[in-house]
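Since every read-out is calculated from the coordinates, none of them should be taken as a lab result. For clarity, every value in this text was computed on a predicted model and none was experimentally measured. Methodologically, a virtual Cβ is constructed for each residue, glycine included, from the backbone with ideal geometry; neighbour enumeration extends over all protein chains shown.
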Amino acid sequence: MSLESATVALRLRNPWEATDLGVAMVRHWIGPVYGAWFTVALPLFLLLHLLCWGNWWLIPWLLWWLKPWLDRAPLYLLGHALFGDPPSRRQFRRELPRLLFRQLIAALTWRRFDLARSFVLPVSQLEGLSGKARRQRLRDLGQPGRGPAVWLTLVCANVEAALDFALLMLVWLLIPDVVALEFGDLLDDGSAWGQLWLNIIGFCGMSLVEPCYVAAGFALYLNRRTRLEAWDLELGFRRMAARWAGPGRTVARLAVLVVGLSLLTAPGMSRADHDELSLCEQRRVREAELAQSPSPVKQALEEVLREPPLQPCEWRQRWRFREDEPSGAAPEPPFRHDLLAQWFAGAVEMLLWFAFGLFLAVVGWWALRKAPRALARIRRRSIQPSPLLAQGRYEAISPPSADLADEAWRLWIAGQSREAVRMLYQGSLAGLATHYRLPTPASATEEDCLRLAARHLADPELRDFFHRLTRSWQAVAYAHRPPDAAVAQTLCQQWPRYFAVGGEWPA
Amino acid sequence: MPEPALLDTVRQIETPEGITLSLRAAGPVARALAWSIDLLIQCMALLALLIALATLSQGGFGVWLIALFLTEWLYPALFEVYAGGATPGKKALGLMVVHANGTPVGWSAALIRNLLRAADFLPVLYGFGMVAMFSNRDFQRLGDLAAGTLVIYRDPPILALTLLPGPALPPPSLSLAEQQLIIDFVERSTILNPARQAELAELLTGFTRLTGMAGVERLQAYARWLAGDHS
């Protein structure tokens, strides 16, 4: 075991963090750990059912009693995986008997009730200590290591019980009502099936929790040793020493290189022979020459030149088109026509043609049936302008009718002065929107409309007319003061001049 | 040589300023214990209230039921928002709740994670919560996943260095991590026996040019210098 091969970050943790590391370890090596667990636990579970045929209630108790025995396989696996060599299946099988029968009696009798058994187990199993040495070791590890392990045992026992209930409840919830009643009865009378069912649930709960419990205890043990033996410091110091050694070595080699380079460029070596060789080949030849030379300096130089940073040649792989390749390769041998293969290929081809035909048919059907309507819809949508809103109302504006002024004058004569002016005013707004491209927003007040008109209307007479009309409308609308008959008549006479021009709906 | 990622329970978060924060995610054992403590506190408080309200008969019982409801749903959220992310149980175990990006939890996250206790509790006794915690890298239960929160270990307060008096020597150039390593070594030598201390110090022989306890003493001198003793 060397600390540098540890696949787990060794640092000082608080004990709870160490238990979390245990859970993380199980999650990381979930396949191997559960493989190891079920290799032992599942046969045992079945064997107990055979041995205690009929006394089904006994089995959960026996399983519980044998827990320390089941813990060993996952711990063996974790111990190896932690230092980077997870055992192969064969290795595991070979190791298993020794693993299971060492210190068995002690583990199942007086040590069974040790509340810190997950923490203690690595000492006897991984360190292989027993008797006095083991006791001494445990004393060295000390009470601060044991305490959290006791809590761990309590928590895991409760979690296991809770998970058993949860599993039982989950299955119950998923069973339809009608059957559920009978299912409840099954558990009530303590029948064999009910008890078997409970055994299976208990086994599942135990399988969920126990590997985590073992791993968490192991992590507590690791953490304790990390603290007592400063494993993290050792790792850090080793790294530091390596860094310190690193630059020194490089300096020495650089010195050799400088000497060597001067040799390389010495005129004694004929270059002409090498001219037609590629750079890589030249280099290889030169390295061979150096290696064969009796001089130790040249040999050292050769060694240095072999280091990756000084190699001028490197391999690169990339994709390129086949045309680039020289066409020296023989053509592929013709495929041996097999009757079955031919038939199959024919069938697939037919299918593909059929699918293609079907696709064409669908496209054609769509083009004939759906497309005109869809196109029409699109066209309509693009043509329709967004509807203009009349002042204060949510309805589309249409251009005012040309004889609106006559209509208004008739109303005036009939004594409906307010209606007459309203008609003129609304007609003007509609006219502004349709003839002068000046739609007034639905939220605009009369003053807003005036301001809009003043800003956007070029014709001063029109502006003046609209101003007078607005004032008359305001007077009659809000003050109930109808305009003089003369004013009303002028308005009615002038209105068609601005708004009754053959209104075109703006495109 | 790229270092293979070592198995750990730390979540690294890089802030926009380029600072890496390490959050140590807290797992099932510590959280189960914290939950038990909280449960105990809630039960005691409710029991005391029940005794106090017993004099008011029916109306008192009504008030107690309201208190029960509020305790059940608001006790954790209130503490998590106003008491530095920790209920009393979490505080006792050195835990706190933060957002997944390391910022303190706010009302919405605290409420979501605590209302979704109901989902974690399913089918009964936190069955789904435990399975979720096991299968999640950061030990988040369903409520944590929904609210985007993490339960982490609070960093212990930093204590002033206490080094034995003695000579101080300036060390050769060291990276920050290496300086911390040397100080750690000297601080923790109280629990290491002398043989182990010498063994560790000899790893750095290429650096101190000393062996045995002399190497340890040299490292101690470096540590004093690093701790600010430049006499």
Please compute, for the alpha-carbon atoms of the stretch B:10-153, the extent along each of the three principal axes and give them in descending order in Å.
61, 32, 24
State the volume of the convex hull built on the alpha-carbon positions of the stretch B:159-231, expressed per residue in Å³ and rounded to an integer.
90 Å³
Quick P(r) readout (the stretch A:3-229; Cα-Cα; 10 Å bins; whole %) gives 7, 30, 34, 18, 8, 2, 0
Check: C-alpha center the stretch B:43-88 vs C-alpha center the stretch A:48-68, spacing in Å is 44 Å
Evaluate the distance, in nm, between pseudo-label points positioned 7 Å from the Cα of residue A:46 and of residue A:299 along their respective Cα→Cβ axes.
6.4 nm
The stretch A:112-170: radius of gyration over Cα atoms, expressed as a fraction of 2.2 N^0.38 Å
1.44
Exactly which trypsin sites (Lys or Arg not before Pro) in the stretch A:401-507 are in a DSSP loop and have at most 14 other Cβ atoms within 10 Å?
A:437
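May I ask for the Rg/Rh ratio of the stretch A:404-499, computed from Cα atoms with Rh as the Kirkwood radius, given to two decimals? Display every interim value, and only then the final one.
Working: Rg = 12.5 Å, Rh = 13.3 Å.
That ratio equals 0.94.
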Cα extents of the stretch A:23-64 along the three principal axes, largest first (Å):
40, 16, 8
log₁₀ of I(q)/I(0) at q = 0.06, 0.11 Å⁻¹ - the protein assembly as shown, Debye sum with one point per alpha carbon:
-0.75, -1.23
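Under a Cβ-only charge scheme (Lys and Arg +1, Asp and Glu -1), can you give me the dipole magnitude of the protein assembly as shown about the Cα centre, in debye to the nearest 20?
Working: 73 positive and 67 negative charges, 163 e Å.
For this selection, approximately 780 debye.
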Spacing of the two label points (7 Å from each Cα toward its C-beta) at residue A:38 and residue A:317, in nm:
3.6 nm
Would you mind checking the tilt of helix B:57-82 against the longest principal axis of the Cα atoms of chain B, expressed as 0 to 90 degrees and rounded to 10?
30 degrees
